[in-house]
Every structure is written in C-alpha cells, then in structure tokens.
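Worksheet: the structure to be examined is printed underneath.
Only the coordinates and a few stated rules stand behind these numbers; no lab work does. What you are looking at is a predicted structure, and each value in this text was computed from that prediction instead of being measured. A quick note on method: Cβ atoms are made from the backbone with ideal geometry, for glycine too, and the neighbour counts reach across all protein chains shown.
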Amino acid sequence: MGRVANCHCRAGPDSGTAKALLESNEVILRGAIQRRYPLTSIAQIQVRGGELQFRAGNEAVALELGAEEAAAWARKLLKPPPSLADRLGVRPDQPTFVFGQVQDPVLASALQGAVTSPAGQARQWLAVLLKASDLQDLLQALQATPAPAVWAVYRKGGRGEQGAAPGDAQVREALRAAGYRDHKTSAVSDTLTATRYARFNPAA
C-alpha cells in the first residue's frame, strides 16, 4: 500500500509523535510510539476531525493525518487485500511451472488450477527452496530451460549458512549470476517469503 506520514498518534494509553507507515500487511508506528498492527487485526475504521481512528485488538488508535490523508488511509484499509494468488500473478491464463515440493497449504491453495507441467510453456516458475541442494538444482534446471521469471520461495529469516537452507542473500547472488534480477517480494505464509526474479536481457 505504501503510505507514510509523520503525525501525532494516540495508541491505547500512549500518545506522541510517530512515523506511521501503511504497508501491505500491517500498520507500523515508529518514534515516540512503537507499534505494529496486522491489517487482519484492524476494525472499526473511521475518519473524524482529520483523524484516522480504528481499533486493533483491544487498543483504540487515532492518527492525526488531516482530513484528506485520513480519508485516503481509510480507503486503503477498507479495501480487501489482494490474495496470495493475485500477489504472485498466478492465474489459469498465466500458467506457472512449480519446481520443488509445495508443502505449505496456503501456497498450494494459491496455485490450484494454474500449474503447468511443461516448463517451456510456463509464463513463470515458482521454485520452493527449502534444502541446501534446492538452489543448485534450480540453477541447473534454468540452464537447461531458461524461465521468463522465477518466484523463489524460501524460509523467512534464513541466512544461507553452509549446508543450511538458502536465505535471501544467497538466493539473490545465485540468481543474479544466472542472469535474473529481483524486482518484487511477497509474504507467503507465517514461515515462508518469496522474491520474484525476471530474466535480464542487457540488450533489451
């Protein structure tokens, strides 16, 4: 969603100036007030006197954004968030080739009805990288059949230590060396995250 404002805030018993960020899956307050509110916890959204007001769990929150900006934040918060399939661009008319085993039920549901077996017919790949060998296997597969784009799915917080499951930096380094550039990220579940890499053509 990507909105940012420096404003006076009230959050439960606390008040003060904070930097408020409206992200794709949470509202974050930084500064005199430190809070993270998942969008799924936010309810009773309204605009009053230039304030954006809502409840998050048992806490009442008010952000003094001004009438116009508060209304814009409210519209964003009230808009249903895109599904995981939408965020990944997974649709029956945009077939995805799956590399690896999809064990996460949320990801499996997003892929339902939009997977193709011939890798060469796919508009994009989705590679599940949960073991140390998975990244190397993916690189070998991409050498044989280059993909227009690849969603790399791996565990959140992975550091890519020797012999461990690949982490963000390790995946990025390997795929960039293979001719792909990262340009989009998406949370997948509580334990998995994904980064999309598009094939890079320097002559284009």
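What's the longest bit of the chain with no exposed GluC sites (Glu not before Pro), using DSSP loop states and at most 15 other Cβ atoms within 10 Å as the test? Working shown, then result.
On the way: sites that count: Glu23, Glu161.
Within the chain, the longest run free of exposed GluC sites (Glu not before Pro) spans 24-160.
Of all beta bridges DSSP finds with both residues in the chain, what is the antiparallel percent, to the nearest 5? Numbers along the way, then the final one.
Working: 47 of 56 bridges.
Rounded to the nearest five, the antiparallel share is 85 percent.
Approximating the spin labels as points 7 Å out from Cα along Cα→Cβ, the Gln46-to-Thr116 distance works out to 5.1 nm. Cα convex hull, segment 3-78: 73 Å³ per residue, rounded to a whole number.
Among residues other than Gln53 with Cβ under 12 Å from its Cβ, the summed charge is 0 (Lys and Arg +1, Asp and Glu -1).
When the chain is fully extended, how far beyond the present Cα-Cα distance does Lys19 get from Ser83, taking 0.36 nm per residue of separation?
Length gained between Lys19 and Ser83: 20.3 nm.
Give me the dipole magnitude in Debye, nearest 20, for the chain about the Cα centre, with unit charges on the beta carbon: positive for Lys and Arg, negative for Asp and Glu. Mind showing how you got there, number by number?
Details: 24 positive and 18 negative charges, 48 e Å.
The calculated dipole for the chain is roughly 240 debye.
Compute the signed sum of charges (Lys and Arg +1, Asp and Glu -1) over the other residues within less than 10 Å, Cβ to Cβ, of Leu130.
Details: positive: Lys131, Arg155; negative: Asp104, Asp134.
Residues near Leu130 contribute 0 overall.
Quick one: grab the alpha carbon gyration tensor of segment 42-126, order the square roots of its eigenvalues as a ≥ b ≥ c, and give me rounded if a/c is under 1.5, else prolate or oblate depending on whether a/b is larger than b/c.
Numbers: a/c = 5.08, a/b = 2.86, b/c = 1.77.
In terms of gyration-tensor shape, prolate.
Counted by Cβ distance under 14 Å from Gly31, the other residues give a net charge of +3, where Lys and Arg count +1 and Asp and Glu count -1. Modelled label positions at Arg36 and Asp182, each set 7 Å beyond Cα in the direction of Cβ, lie 1.8 nm from each other.
Dipole size in debye (nearest 20) for segment 3-78 around its Cα centre, Lys and Arg Cβ +1, Asp and Glu Cβ -1?
Dipole magnitude for segment 3-78 comes out near 100 debye.
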